[in-house]
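Enquirer: Below is the structure I would like to discuss, written out as structure tokens.
The values are calculated or read from the model by the stated rules, or taken from the named source; none is laboratory data. Note that the structure is predicted; figures quoted are calculated from it, not measured. Positions of Cβ are backbone-derived with ideal geometry, glycine not excepted, and every protein chain shown enters the neighbour counts. Each accessible area value is taken on the protein alone, full model and side chains, heavy atoms only, with ligands, DNA and RNA left out. Shrake-Rupley method; radii C 1.70, N 1.55, O 1.52, S 1.80 Å.
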Amino acid sequence: MRVGIPRGLFYHYYYPLWKTFFQDLGAEVVTSASTNRRTVERGIESAVDEVCFPIKVYYGHVRELCHQELNYIFIPRLVSVEPKSYICPNFMGLPDMINSALPELPPVIDITVDVSKNDRLLKRDIIRVGQIFTDNKNHIKQAYQHGQDELHKCRNICRDGYNISEAIRIWDGEQIVLPSTYNINIGVLGHGYSLYDQTISMNLIDRLRKMGCRVQVVETLDRDAIEVKAAEIPKRVFWTLGRKSVGSALYMEGQSEIDGIIYLACFGCGPDSMIGEIIERKIKNKAFMMINIDEHTGEAGMVTRLEAFCDMLRRRAGKVEDYISAHG
Ligand code: SF4
């Protein structure tokens, strides 16, 4: 059986887990191509106007897979991936939104991932999904465990300075060599599915590297240290990705080797409107830049801002210019 996994949203965090799971159950896993202009156009045609850019792009990936003679398409319903924390509501309604917008959709494997209290329901859903392929419950449990092991291996690759999407490509057999020379160090934050998607982010990370920057992202930092820093905010941020961004920004601010921080936000994103603001107000000792993107953002404007930001950091590193906080 052929199972399609769209190359958007959760793909950038969990692809090794689900690929391994379905393959172990005997399925052939098919993914959509990397995001390109056609993906974006298809997504914009199908999605409702109100949703954010990454969700529109996800529609484009699903539409591409609709023409690939699949038996199933995998669209999980992510509610919570860790205790007492949640994922954006758009992820919760994703299978329903896609189902109602795309009549040509193959049958959807819709699994609810909600471990906010415990993983009892998730385990039950894993068995339900596995029974599409086999009646052997032990085999299903082993496949899921194998998937988690592979995900763990993939995440460990990030320790060498790769972001999670690069780690997935390396895990999938690709070779990626990071530039070894740089003269400034920049922390780059944002949701992985926008930041690491080269079309959505307009290749932000590679552009910075070409400009002579070493790029640090959430996955290259110490996870415990991020949580400790995130806990400094008086009210706990209950969005998983938002909390990691806040914790990472505060952690980066305390690291002398980091020269500046960039936050990539998506226009129309509810969580970003708050998380970006919190980070902007909290970061007082580092240069900070927030970039808002949507489907209308022009590449030239982005490049100009990145170049200006890097030039400023270099001038500061050379002590030509002092830091004057925008917040006094
Ligand atoms: S968190 Fe923001 S960018 Fe991500 S899916 Fe939700 S609205 Fe879109």
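Enquirer: Is it true that Ser180 is farther than 23 Å from Gln216 by Cβ and either without any contact (Cβ under 8 Å) to a residue 24 or more places away in the chain or of a type in the set (S, T, N, Q) (or both)?
Expert: no
Enquirer: Could you grab me the full set of residues in the range 235-248 that are touching an Asp or Glu at 6+ places or on another chain (Cβ under 8 Å) and more than 13 Å from the ligand (Cβ to nearest atom)?
Expert: Residue satisfying the conditions is Gly247 alone.
Enquirer: Which one of these is open to solvent by less than 50 Å² (accessible area, probe 1.4 Å), among the basic types (Lys, Arg) and at pLDDT below 90: Lys282, Lys286, Lys235?
Expert: Matching residue, one of Lys282, Lys286, Lys235: Lys286.
Enquirer: Has the range 57-76 got any residue that is within 15 Å of the ligand (Cβ to nearest atom), touching a helix residue (DSSP H, G or I) at 6+ places or on another chain (Cβ under 7 Å), touching a residue at least 12 places away in the same chain (Cβ under 8 Å) and among the charged types (D, E, K, R)?
Expert: No; the residues of the range 57-76 include none that is within 15 Å of the ligand (Cβ to nearest atom), touching a helix residue (DSSP H, G or I) at 6+ places or on another chain (Cβ under 7 Å), touching a residue at least 12 places away in the same chain (Cβ under 8 Å) and among the charged types (D, E, K, R).
Enquirer: Please list, ordered by first then second residue, the pairs with beta carbon atoms under 8 Å, 6 or more apart or interchain, first in the range 125-151 and of a type in the set (Gly, Ala, Ser), second part of a loop (DSSP other than H, G, I, E, B) and surrounded by 13 or more Cβ atoms within 10 Å (Cβ to Cβ).
Expert: Gly130/Leu25; Ala143/Leu25
Enquirer: Determine whether the range 1-12 contains at least one residue that is at pLDDT below 95 and part of a helix (DSSP H, G or I).
Expert: Scanning the range 1-12, I find at least one residue that is at pLDDT below 95 and part of a helix (DSSP H, G or I), so the answer is yes.
Enquirer: Moving on. Mind listing just one residue for me: the one in the range 270-314 that is in a helix (DSSP H, G or I) and of a type in the set (Ser, Thr, Tyr) and, of those, farthest from the ligand (Cβ to nearest atom)?
Expert: Thr304
Enquirer: Going through Tyr251, Tyr193 one at a time, which residue ends up being modelled with pLDDT of 90 or more, outside any loop (DSSP other than H, G, I, E, B) and within 16 Å of the ligand (Cβ to nearest atom)?
Expert: Being modelled with pLDDT of 90 or more, outside any loop (DSSP other than H, G, I, E, B) and within 16 Å of the ligand (Cβ to nearest atom) holds for just one of Tyr251, Tyr193, which is Tyr193.
Enquirer: Taking the criterion of being more than 24 Å from Asp114 (Cβ to Cβ), polar (S, T, N, Q) and open to solvent by less than 50 Å² (accessible area, probe 1.4 Å), would at least one residue in the range 18-31 satisfy it?
Expert: Yes: the range 18-31 contains one or more residues that are more than 24 Å from Asp114 (Cβ to Cβ), polar (S, T, N, Q) and open to solvent by less than 50 Å² (accessible area, probe 1.4 Å).
Enquirer: Another question about this same structure. Given (1) more than 22 Å from Ser248 (Cβ to Cβ); (2) open to solvent by 20 Å² or more (accessible area, probe 1.4 Å), identify the lone condition not met by Cys88.
Expert: With (1) more than 22 Å from Ser248 (Cβ to Cβ); (2) open to solvent by 20 Å² or more (accessible area, probe 1.4 Å) applied to Cys88, the lone miss is (1).
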